[in-house]
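Participant: Input: one structure, supplied below.
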Amino acid sequence: MVGVVLPNAIEEALSKRKTRSFLRISGIIGGEEFRTMPLFSRSGRRLSWLSLNIILNIIAASVIAIYQDTLSAAITLAVFLPMVSDMSGCSGNQAIAVSMRELSLGLVKPGELFWVLSKEIKIGIINGVVLGLLLGGVAFFWKGNPYLGFVVGGALAANTIVSVALGGMLPLILKRFNLDPALVSSPLLTTVTDMCGFFFVLSFASAVLSNLGGM
């Protein structure tokens, strides 16, 4: 015999393992942020990505500026813009949560990007169509205009597909480049879904603007 393993040592090792697993499931994946880190270090890590989001939000706002004539001609669209981006963002965050959990448990690796994409895009199509029909139906019955329903429902469906696909892939991409998925995934996804949501709603509306005039 080389040595003796005491029961207390086994219990301590199991406790540490459970703690690591809990942190990983919670999105704190090996080597990233912990609340025991220095205050300014933690603040700087978060601000570096939030500052980048300012640039991305300016791009998102520029989409509205490009289509301001469309928005002025059909002001009702302004009611649905935040709904489309928010609902799509929620769908994408669900995909992020699944990828984070699978990464932490070792069920998926950063190199399995296309496998994750193939799984998530199917969910995105199904959920996007269902949610698009629901919101499009609400828009149609509210204003009695089928074109408004098409614009809103189609935009939500398209944006949900993009959001779910991106949400599933983001943690894997960030982990491959040794970036913190817990800090970066959600802010980045939110900005991209806002940008795409605005684009889909306003570009679809521009295509049928003559049928939306005065709304």
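The values are calculated or read from the model by the stated rules, or taken from the named source; none is laboratory data. If you're wondering where the values come from, they're calculated on a predicted model, not measured in any experiment. Heads up, the Cβs are rebuilt from the backbone with ideal geometry, glycines too, and the neighbour counts pull from every protein chain shown.
Participant: Given (1) assigned to a helix (DSSP H, G or I); (2) touching a residue at least 12 places away in the same chain (Cβ under 8 Å); (3) small (Gly, Ala, Ser); (4) surrounded by fewer than 17 Cβ atoms within 10 Å (Cβ to Cβ), where does residue 89 come up short, assuming only one miss?
Facilitator: Tallying (1) assigned to a helix (DSSP H, G or I); (2) touching a residue at least 12 places away in the same chain (Cβ under 8 Å); (3) small (Gly, Ala, Ser); (4) surrounded by fewer than 17 Cβ atoms within 10 Å (Cβ to Cβ), residue 89 fails exactly one: (4).
Participant: How many of the residues in the range 166-187 are under 9 Å from the mean Cα position of the chain (by Cα) and at pLDDT 85 or above?
Facilitator: Kept after step one, since they are under 9 Å from the mean Cα position of the chain (by Cα), are these residues of the range 166-187: 166-168, 170, 185-187.
Add one more test, that the residue is at pLDDT 85 or above, and what stays is 166-168, 170.
Result for the range 166-187: 4.
Participant: Follow-up question, since we're still on this one. Give just the number: which of (1) over 16 Å from the mean Cα position of the chain (by Cα); (2) at pLDDT 80 or above; (3) part of a helix (DSSP H, G or I) does residue 41 not satisfy?
Facilitator: (2)
Participant: Test residue 129 against the stated conditions and say whether it is under 16 Å from the mean Cα position of the chain (by Cα), surrounded by 15 or more Cβ atoms within 10 Å (Cβ to Cβ), part of a helix (DSSP H, G or I) and not small (Gly, Ala, Ser).
Facilitator: Values: under 16 Å from the mean Cα position of the chain (by Cα): no; surrounded by 15 or more Cβ atoms within 10 Å (Cβ to Cβ): yes; part of a helix (DSSP H, G or I): yes; not small (Gly, Ala, Ser): yes.
No, not satisfied.
Participant: Would you point out which residue out of 113, 183, 172 is surrounded by fewer than 20 Cβ atoms within 10 Å (Cβ to Cβ) and more than 30 Å from residue 209 (Cβ to Cβ)?
Facilitator: Values: 183 fails: surrounded by fewer than 20 Cβ atoms within 10 Å (Cβ to Cβ); 172 fails: surrounded by fewer than 20 Cβ atoms within 10 Å (Cβ to Cβ).
When all the criteria are applied, what remains is 113.
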